[in-house]
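Visitor: Next up is a structure, given as structure tokens.
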Amino acid sequence: MLTRKQLWVLVALTLMWGVNWPMMKLSLRELSPLYFRALTMTGGALWLFFFFRARGVRMWPRWSAGGGEWRSVVWLGLPNILGWHTLSILGVRELASGRAAVLGFTMPIWTVLLGAAFFGQTLTRRVLLAVIAVSAAIALLLADELASLSGRPMGIVWMELAAICWALGTLMMRRAQLTLPVEALTVWMMGTSAAALWVMAALLEPWPSWQFSPVMWAALAFGVFINYGVAQIIWFGLARHLPASTSAMSIMAIPVIGTLSATFITGEVPGWQDALAVVCVVVAIAAVLAPGRTAEARAPV
């Protein structure tokens, strides 16, 4: 049972992650996607490194034969951080931010499906319901994108690939034999992924002017200190104590908040397809993450 303080903190956390979707879209008006991710992830990793180090967490991975803890950092960071964050920001560039959030949060369903396909997990009627609901959501949004002259259906592809990366990363994390504290693991996965993003951005995107508007600087600060900072710290504090049903409710609320807050932050007005897709995805998440769930909730960094 959550205390009142934990409940309010969880509400704040869910709002932070929901609002982060339109904040990313706002940032992309003045900064290209890979440089945006590289910059905010670097700042977030540094922020978290010094915070957790001050709290006494062992932050330096150990090196041994075969790579030791550094091997886990790189291997787990590829899908969990680099894959998810790179593909999702490309999706946000192409789509309305609320729509991107809805598609991104199909990841619990992909976790269950990949677990069944490769790890022998059992498919249930609840999973079948989730698959049908998610398929309906994707079909609704894809049909709308294809019907629009300015539609960008590739954004849907990017977001679903991002969700698959997240799902694969969840399964890998679940099976990993970790000796490095999860806080340190997260920081170093972010740090190594940020280094890769700087290289990718330098090769694929023009160098930014760095002459941003005050709104843009505020959006970048939100990405560094709130999304990659405060939200992560809160999550690590809550994750060990959250009941399964509470984690599920938090995850279900994030795409709803992302869709609604986009109207006020970026001026994106969701259509009936978006509203119905939100309902479908919420139903799907509830089917696989409600008590008796088969997929774990992780922080959507």
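Visitor: Which residues, taken from the range 138-192, are more than 12 Å from L76 (Cβ to Cβ) and among the basic types (K, R)?
Guide: R152 - this is the single residue of the range 138-192 that is more than 12 Å from L76 (Cβ to Cβ) and among the basic types (K, R).
Visitor: Being more than 23 Å from T40 (Cα to Cα) and within 13 Å of the chain's Cα centre (by Cα), is that true of even one residue in the range 85-100?
Guide: No, the range 85-100 contains no residue that is more than 23 Å from T40 (Cα to Cα) and within 13 Å of the chain's Cα centre (by Cα).
Visitor: From L203, L146, which residue is at pLDDT 95 or above, over 23 Å from the mean Cα position of the chain (by Cα) and surrounded by fewer than 14 Cβ atoms within 10 Å (Cβ to Cβ)?
Guide: L203
Visitor: Go through the range 131-244 and tell me which helices (runs of 4 or more DSSP H), entirely inside it, have 3 or more residues that are among the hydroxyl-bearing types (S, T, Y) and on the phi < 0 side of the Ramachandran plot.
Guide: Passing ranges, in order: 182-204.
Visitor: From the list L171, L220, L178, L197, which residue is touching a Leu at 6+ places or on another chain (Cβ under 8 Å), buried (at least 18 other Cβ atoms within 10 Å of the Cβ) and at pLDDT below 95?
Guide: On inspection, the qualifying residue turns out to be L171.
Visitor: Are any residues in the range 262-291 farther than 16 Å from L141 by Cα and surrounded by fewer than 23 Cβ atoms within 10 Å (Cβ to Cβ), and if so, which ones?
Guide: T263, F264, I265, T266, G267, V283, A286, A290, P291 - these are the residues of the range 262-291 that are farther than 16 Å from L141 by Cα and surrounded by fewer than 23 Cβ atoms within 10 Å (Cβ to Cβ).
Visitor: Identify the single condition in (1) modelled with pLDDT under 95; (2) closer than 20 Å to A231 by Cα; (3) of a type in the set (A, V, I, L, M); (4) touching a helix residue (DSSP H, G or I) at 6+ places or on another chain (Cβ under 6 Å) that L7 does not satisfy, given that it satisfies every other one.
Guide: L7 satisfies all of (1) modelled with pLDDT under 95; (2) closer than 20 Å to A231 by Cα; (3) of a type in the set (A, V, I, L, M); (4) touching a helix residue (DSSP H, G or I) at 6+ places or on another chain (Cβ under 6 Å) except (4).
Visitor: Starting from residues that are aliphatic (A, V, I, L, M) and surrounded by fewer than 17 Cβ atoms within 10 Å (Cβ to Cβ), keep the ones in the range 235-259 and report whichever is modelled with the lowest pLDDT.
Guide: A244
The values are calculated or read from the model by the stated rules, or taken from the named source; none is laboratory data. The structure displayed is predicted, hence computed values, not measured ones. Glycine also receives a Cβ, built like all others from the backbone with ideal geometry; neighbour counts cover every protein chain displayed.
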